[in-house]
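Report on the following structure.
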Amino acid sequence: MANKVFKRFISISILLLLFISSFIFAVAIGAVKIPWEEIIEIIFFGVNTDNRVILMDIRLPRVMIAAILGAGLAAVGGVMQGIFMNPLVDSYTLGMSSGAALGAVFSIVTGIGIFGYATTGVFAFIGTVSTLFLVYFLSKTKNRVSINTLLLAGVAVSYFLSSIISFVMMMNKHKLDQIVFWTMGSLSSSTWQKFIISSSIIIPGVLLLNIFGRELNIMSLGEESAHYIGVDVERLKYILLGICSLIVGAVVSTGGTIGFLGLVAPHIVRLIWGSDYRRLIPYSAIIGGSILMLADALGRVLIQPSEIPVGVMTSIMGGPFFVFLLRKQKSKGA
Amino acid sequence: MNYEVKVENLCFFYGEVNILKDINLNFQAGSFVSIIGPNGSGKSTFLKNLSRYLEPQKGIVMLGDKDINKLSKKEISKKVSVVPQNILLEFDFKVKDIVMMGRHPYVNRWKGETEEDKKIVEKAMKYTNILQFSDRFYNELSGGEKQRVILAQALAQQPKVLLLDEPISHLDLQYQVEILDLVKRLTLKEGMTAISVLHDLNMASGYSDIIIMLKEGRVYCQGKPEEVLTVENIAYVFNINVSVSKNPVTGKTYVYPISVISKKKRKLKIHIICGGGTGVKLIQELATLGFHLSTGVLNIGDSDWAISKEYELDVAEEVPFMSITNEAYKRNLELAMISDVVILLPIYLSKSNIMNVKLLTDCKLKDKKIYIVEDDNLEKRDFTNGEAIEIYKELLNKPNVVPVKKDELKEILIKADENHG
């Protein structure tokens, strides 16, 4: 028993260490070199130097947004894998990324600005959430939503929306750059305001997801067995998908569609700590946040003066790492 | 009567299709009830209605004195647990974690598992004998071990009713017995009510207090195994010919399916002189090969007599424990005369059945082909003070009598049939 508590303590310490060092690394590097002493002076002693604006108003919110978005995507990815009992599912599986993209494309093409510079984000959010609800209700028959139908409906809706996007892009070639850039996912226009808005949805969302760890564990036995153990499966799906769509909506409206993280982060946790969702969700969130901070930091400095979009970075980093973990796991024979 | 589960006028439809038709059943507390019936007869659907995974369009299910419709999912899962056929996990968990999942209806979301929960889980694992691998991962276990884990999980729910949906279908015989033994013990010692869908009629017979036979969504009959598992019921419900007897060890009803693969009909008529079980295997083999058979003289109740009746052969029969009377002898001779070949199997010989061998020396059979199946224990089989041995010697000197080895017989007969044409 004591051994177990000790192990858990070590695990959490390692995770927090990873998170904090990623944070420090991401704050410390950038296009403008700011010495360590100056960073500490600015943050902790409020000293007003030339680099204060760069650090406090550009870099810090950007790093913190990366942490929040990464945590949100990873937690949602893990939960979705649990709901669908499918390891290939990620945070965007139910066509949510296409929905987000369509919302964003719509606002970019029409150029409407009812929400100021946040318009694209708001439309992406609406696109995400409404796509999920569309898919959910399309799959509903007789008060029951089959997860297979849900997956298929998600794929179908996703293709449908993508073709609409392609059509719109074809008709609006002069805005192509802007659209492509958005869909790649980027954190380059991060502000404190964006951080506050996105974290006010994502943080409570992720905390709420943690409450359902036990039920998600039971869902691993299959929906029918979960029902026999007293889990209200339909209600659980409804609640979890609802929370997930809000988180994903907040993520894409802030940073565009950042891929691969929602798939990889939960699997890293699974490979090291197993599938218990009571740990998987918080651990995934910490790892997801760390990875996204690192990915964004590297993307900022690798090809200066230009930037690699963070979505591209996550895929480049996550892919090989994931394959490495898979192979390592295989050679253990497990 | 103390009924744990009561089902009244239950009807269930999948869309327009009526799966369960007006089912009325009562399940007594502490009983082991099997539900049998062909595929598509509604067995699993019925179980799912009992656990309220499916909601019937009509009718009521009562758990104890409570209407299942008025209970919440958690309350139901405290009273009823379900063991399905087999569970595969996409994401693996440790055995003890899986068993602990069974405590879900009792565990408070905010407080987590208590010491009591842990004790109950441990007891369940002890009961199903899985404590020794409580730290192993579920997917690494064998089928039988997995099923014991799922059973332990079901027990952790502390149910009054255990529903089992083909719990042994994927298991080796050894594990089938192990699982059903466990369930039986639960009904006997803990007073749990077990309701199980089973495919194996003999397993159902061996373990059940009551068997319910479903056909096309209706209860065709119910009762004790020996009342339900009759040749007629099984022929009607399963559309298959069986023979029913008693298991010689347990005395339980035992069902043997009779193969329906009837090969081409052969023309060769064979009369077999057997008795005391010497003919069972040969009769089955030759009947399956399509030969036209008769047997005699057999005492009624003899196992050779029983198998002959099963295959509806012509039998020269005699009252049990009686010496062969003249009448039976004549009937036997008649049957031997109209057949093309007569076979004498190595039977035990006494004063009461010596006439069976003597028959073959009858001059009316002097042109009949007679095969005597050899064995080296003639002296041991003889209880006639040598009389039988004398007859054997006499027979073997006759030109129409051929001694054959047991394993050659089938081939010889098949050849004889081909030349018979």
Only one of A:Ala118, A:Ala66, A:Ala74, A:Ala104 is part of a helix (DSSP H, G or I), surrounded by fewer than 24 Cβ atoms within 10 Å (Cβ to Cβ) and either at pLDDT below 90 or more than 14 Å from chain B (Cβ to nearest Cβ) (or both); which? A:Ala118
Any residue that is within 30 Å of B:Ile324 (Cα to Cα), at pLDDT below 85 and either in a strand (DSSP E or B) or not hydrophobic (A, V, I, L, M, F, W, C) (or both) - is there at least one of those in the range B:297-306? no
Reported set for the range A:264-278 where residues are closer than 18 Å to A:Gly70 by Cβ and of a type in the set (D, E, K, R) is A:Arg270
The condition from (1) touching a helix residue (DSSP H, G or I) at 6+ places or on another chain (Cβ under 8 Å); (2) without any contact (Cβ under 8 Å) to a residue 12 or more places away in the chain; (3) away from every other protein chain (no Cβ under 14 Å) that A:Gly127 misses is numbered (2)
If you go through the range B:36-73, how many residues are assigned to a loop (DSSP other than H, G, I, E, B), more than 13 Å from chain A (Cβ to nearest Cβ) and acidic (Asp, Glu)? 1
Looking at B:Ile258, B:Ile210, B:Ile234, can you tell me which residue is among the β-branched types (Val, Ile, Thr) and in the same structural domain as B:Ser34 (by TED's automatic domain parsing)? B:Ile210
Restricting to the range A:20-40, what's the tally of residues that are assigned to a helix (DSSP H, G or I) and within 26 Å of A:Ser306 (Cα to Cα)? 11
Subset of the range B:279-304 (residues that are farther than 13 Å from B:Ala316 by Cβ and either surrounded by fewer than 20 Cβ atoms within 10 Å (Cβ to Cβ) or outside the structural domain of B:Asp314 (by TED's automatic domain parsing) (or both)): B:Val280, B:Lys281, B:Gln284, B:Glu285, B:Thr288, B:Leu289, B:Gly290, B:His292, B:Gly301, B:Ser303
Could you please let me know if A:Leu187 is crowded, with 24+ Cβ neighbours inside 10 Å, at pLDDT below 90, out of contact with any Cys (no Cβ under 7 Å at 6 or more places or on another chain) and over 30 Å from B:Leu155 (Cα atoms)? yes
Filter the range B:231-251 down to the residues that are surrounded by fewer than 18 Cβ atoms within 10 Å (Cβ to Cβ) and outside any helix (DSSP H, G or I) and list them by number. B:Asn239, B:Ile240, B:Asn241, B:Ser243, B:Ser245, B:Lys246, B:Asn247, B:Pro248, B:Val249, B:Thr250, B:Gly251
Is the range A:147-161 home to any residue that is surrounded by fewer than 24 Cβ atoms within 10 Å (Cβ to Cβ), among the hydroxyl-bearing types (Ser, Thr, Tyr) and within 30 Å of A:Arg62 (Cα to Cα)? yes
For residues in the range B:129-154 being touching an Asp or Glu at 6+ places or on another chain (Cβ under 9 Å) and buried (at least 21 other Cβ atoms within 10 Å of the Cβ), which is nearest to B:Gly40 (Cα to Cα)? B:Gln147
Residue ranges of helices (runs of 4 or more DSSP H) in the range A:154-270 with at least 2 members away from chain B (no Cβ under 14 Å): A:176-184, A:192-211, A:233-255
Those helices (runs of 4 or more DSSP H) completely within the range B:309-421 that have 2 or more residues that are touching a Gly at 6+ places or on another chain (Cβ under 6 Å) and surrounded by 13 or more Cβ atoms within 10 Å (Cβ to Cβ) are B:326-338
Identify all residues within the range B:87-118 that are more than 7 Å from chain A (Cβ to nearest Cβ), assigned to a loop (DSSP other than H, G, I, E, B) and surrounded by fewer than 15 Cβ atoms within 10 Å (Cβ to Cβ); write none if there are none. B:Leu88, B:Trp110, B:Lys111, B:Thr114
Extreme residue, nearest to the other protein chains (Cβ to nearest Cβ), among residues of the range B:119-135 that are hydroxyl-bearing (Ser, Thr, Tyr) and within 33 Å of the chain's Cα centre (by Cα): B:Thr128
Could you list, in sequence order, all residues of the range A:129-147 that are out of contact with any Phe, Trp or Tyr (no Cβ under 9 Å at 6 or more places or on another chain) and in a helix (DSSP H, G or I)? A:Val129, A:Ser130, A:Thr131, A:Leu132, A:Phe133, A:Leu134, A:Val135, A:Phe137, A:Leu138, A:Ser139
Subset of the range B:77-86, residues more than 7 Å from every other protein chain (Cβ to nearest Cβ) and either of a type in the set (S, T, N, Q) or farther than 16 Å from A:His227 by Cβ (or both), comes to B:Gln85, B:Asn86
Please work out which one of (1) assigned to a helix (DSSP H, G or I); (2) small (Gly, Ala, Ser); (3) more than 16 Å from the chain's Cα centre (by Cα) is the condition B:Ser205 fails and give its number. (3)
Pairs please, first residue from the range B:78-99 and without any contact (Cβ under 8 Å) to a residue 24 or more places away in the chain, second anywhere and not aliphatic (A, V, I, L, M), Cβ atoms under 7 Å, 6+ apart in sequence or on different chains. B:Glu90/A:Asn86; B:Glu90/A:Pro87; B:Glu90/A:Ser220; B:Phe91/A:Ser220; B:Phe91/A:Arg270; B:Phe91/A:Ser275; B:Asp97/A:Asp276
Does at least one position in the range B:150-164 carry a residue that is away from every other protein chain (no Cβ under 14 Å), closer than 30 Å to B:Lys224 by Cα and part of a helix (DSSP H, G or I)? no
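The values are calculated or read from the model by the stated rules, or taken from the named source; none is laboratory data. Since the structure is predicted, the reported quantities are computational estimates derived from the model, not experimental observations. Because the Cβ atoms are built from the backbone with ideal geometry, glycine has one as well, and the counts that use them run over all protein chains shown.
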